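A quick write-up on the structure given underneath.
The values are calculated or read from the model by the stated rules, or taken from the named source; none is laboratory data. Not measured: the values here are computed from a predicted model. Glycine also receives a Cβ, built like all others from the backbone with ideal geometry; neighbour counts cover every protein chain displayed. The area values use the complete protein model at the heavy-atom level, side chains included, leaving out ligands, DNA and RNA. Shrake-Rupley method; radii C 1.70, N 1.55, O 1.52, S 1.80 Å.
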Amino acid sequence: MPDKLITIEAQDGPFQTMFQRIMRMVPDRDKGDKKLQRLLAFRLMVDGEAALNEYLILKIRETIKCAYTGRLYNFLKDDLIEKECIAKEEDSDPEPPGIA
């Protein structure tokens, strides 16, 4: 079975150049994460570079706003982590002035 596994993050050609540009956006601590590489390579093949670039920027900003310190792969694949982060953010926002 392992001989049938195709590692899409290791393909040659123009795909590899796009993949390398996407991987430059990933924080240094997560660059060696094979699961993250495979997830991003798959999304790159399905969605294209522009859409993945936009998505990754959005998610990285969310991790920064939430002060998330775990693996980026876990944040991307687990909606519960993201929802908890958003709920904490909404709870900590003070009410705008003038609201009774």
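Failed condition for I57, given (1) modelled with pLDDT under 85; (2) within 20 Å of T69 (Cβ to Cβ), with all others met?
(1)
Looking at the stretch 24-37, I want the residues that are open to solvent by 60 Å² or more (accessible area, probe 1.4 Å) and have a partner that is of a type in the set (A, V, I, L, M, F, W, C) and outside any loop (DSSP other than H, G, I, E, B) with Cβ atoms under 9 Å, at least 6 apart or on another chain. Which pairs are those?
R29/L72; K31/M23
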